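For reference, the structure discussed in these notes is given below.
The values are calculated or read from the model by the stated rules, or taken from the named source; none is laboratory data. No experiment lies behind these values; they were computed from the predicted model shown. Counting neighbours? That spans all protein chains shown, and the Cβs are built from the backbone with ideal geometry, glycine included.
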Amino acid sequence: MACFELSREVGGLRCSVPQAAPLARTLLRVVGRVVIDACTAGGDPTVWPNTEVMALQWIKEAIEPLGYDVRPLPGSGRTEVPEPSSEWA
């Protein structure tokens, strides 16, 4: 939960580059979600596929304004990161 609290505080920081705060905020949200879903005692491993997709979608959202994209490596056998569903928007 500390990652989520910290991510809220990051929005109020005066960064030397305007893109820094949104990027940091999203990356902290990703860490928080992964820790909550996968790093707790008794965590359910069946939620991992959803957590992984959500994390990749959030990362993609954070880096697109910087001119980057999240894509699978050629030959990795991984599928493209799906667009977020309207339920998560």
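Among residues of region 1-19 that are among the hydroxyl-bearing types (Ser, Thr, Tyr), those with a Cβ under 8 angstrom from a residue that is at pLDDT 75 or above, sequence gap 6+ or separate chain, pair up as SER7/ALA24; SER7/ARG25; SER7/THR26; SER7/LEU28; SER7/ARG29; SER7/GLY32. Restricting attention to region 29-45 and to residues that are farther than 10 Å from ALA62 by Cβ and among the hydrophobic types (A, V, I, L, M, F, W, C), the residue that is modelled with the lowest pLDDT turns out to be ALA41.
Filtered by the rule that a residue be aliphatic (A, V, I, L, M), surrounded by fewer than 16 Cβ atoms within 10 Å (Cβ to Cβ) and closer than 25 Å to ALA20 by Cα, region 64-83 gives a lone residue, LEU66. Kindly evaluate LEU56 against the criterion of being out of contact with any helix residue (DSSP H, G or I) (no Cβ under 7 Å at 6 or more places or on another chain) and either modelled with pLDDT of 85 or more or outside any helix (DSSP H, G or I) (or both). Yes, satisfied. Residues in region 1-28 that are in a helix (DSSP H, G or I) and at pLDDT 85 or above: ALA20, ALA21, PRO22, LEU23, ALA24, ARG25, THR26, LEU27, LEU28.
The selection criterion, being out of contact with any Phe, Trp or Tyr (no Cβ under 7 Å at 6 or more places or on another chain), more than 26 Å from PRO72 (Cβ to Cβ) and among the basic types (Lys, Arg), does not hold for ARG25.
Name the residue, out of VAL30, VAL47, that is touching a residue at least 12 places away in the same chain (Cβ under 8 Å) and not aromatic (Phe, Trp, Tyr).
Being touching a residue at least 12 places away in the same chain (Cβ under 8 Å) and not aromatic (Phe, Trp, Tyr) holds for just one of VAL30, VAL47, which is VAL30.
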